[in-house]
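Undergrad: Shown below is the structure under consideration.
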Amino acid sequence: AHLLLGKILLAMGKGAEAEEALLLADGLGAHRSLTLIPLAQAYLIQGKSGRLLSLLHPQGTSAEEDAELLALRGRAYLDLGKLYDAERSFDQAWERAPDSVPALLGRVQTRRLRGAMEDALADARRAVELDPQNARAWYLKAGIERENGDAEQALADFDRVVEVQPTH
């Protein structure tokens, strides 16, 4: 019950309350693989990037779970301004699960920040192939297209963002 409550609170954007429920679920014996990802998300929502990085590490349970946690760790590193560590974390996530959209989107961000636009665009294209309903993937791709001077493609991609998520 606490696990489900934590996930509901997380979906509502209530990071502190979600953290409390998830830690209680963990303490009551919920399997760590069930609480790890939501707890990492709760820490990110609250801006507790350092806590995430110091307490949460891949468990080796499955490539997909490890990749998702590594991608969340990459986001935490980005929040802390540690581009090299973020890129390394996103690359590790992608190596564990090459079809991980969070890993690809993280790679897009880090490559874009260091000016590797061709690599960023290739990862963005792969992300929208894997998850055509992901508004963030389309948004990142559109931004790169705009920066590359391809206004027509950027507008088409921005239209796709609004189509996928009208409130974006």
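The values are calculated or read from the model by the stated rules, or taken from the named source; none is laboratory data. What you are looking at is a predicted structure, and each value in this text was computed from that prediction instead of being measured. Because the Cβ atoms are built from the backbone with ideal geometry, glycine has one as well, and the counts that use them run over all protein chains shown. Side chains included, ligands, DNA and RNA excluded: accessible areas come from the protein's heavy atoms. Shrake-Rupley method; radii C 1.70, N 1.55, O 1.52, S 1.80 Å.
Undergrad: Please go through segment 118-168 and give me each residue that is open to solvent by 30 Å² or more (accessible area, probe 1.4 Å), closer than 27 Å to Tyr84 by Cβ and in contact with a Lys or Arg (Cβ under 6 Å, 6 or more places away or on another chain), ordered by number.
TA: The answer is Asp119, and nothing else.
Undergrad: Which helices (runs of 4 or more DSSP H) does segment 9-64 wholly contain that include 1 or more residues that are within 20 Å of Ala93 (Cβ to Cβ) and more than 17 Å from the chain's Cα centre (by Cα)? First the steps, then the outcome.
TA: Values: elements: 15-27, 32-45, 49-55.
Where helices (runs of 4 or more DSSP H) fall fully within segment 9-64 and carry at least 1 residues being within 20 Å of Ala93 (Cβ to Cβ) and more than 17 Å from the chain's Cα centre (by Cα), they are 32-45, 49-55.
Undergrad: Can you confirm whether Gly115 is open to solvent by 30 Å² or more (accessible area, probe 1.4 Å), outside any helix (DSSP H, G or I) and over 30 Å from Arg146 (Cα atoms)? Can you show your working first?
TA: Numbers: open to solvent by 30 Å² or more (accessible area, probe 1.4 Å): yes; outside any helix (DSSP H, G or I): yes; over 30 Å from Arg146 (Cα atoms): no.
Answer is no for this residue.
Undergrad: In segment 132-158, which residues are at pLDDT 95 or above, in contact with a Leu (Cβ under 9 Å, 6 or more places away or on another chain) and either outside any helix (DSSP H, G or I) or among the aliphatic types (A, V, I, L, M) (or both)?
TA: Matches in segment 132-158: Asn134, Ala137, Leu140, Ala142, Ile144.
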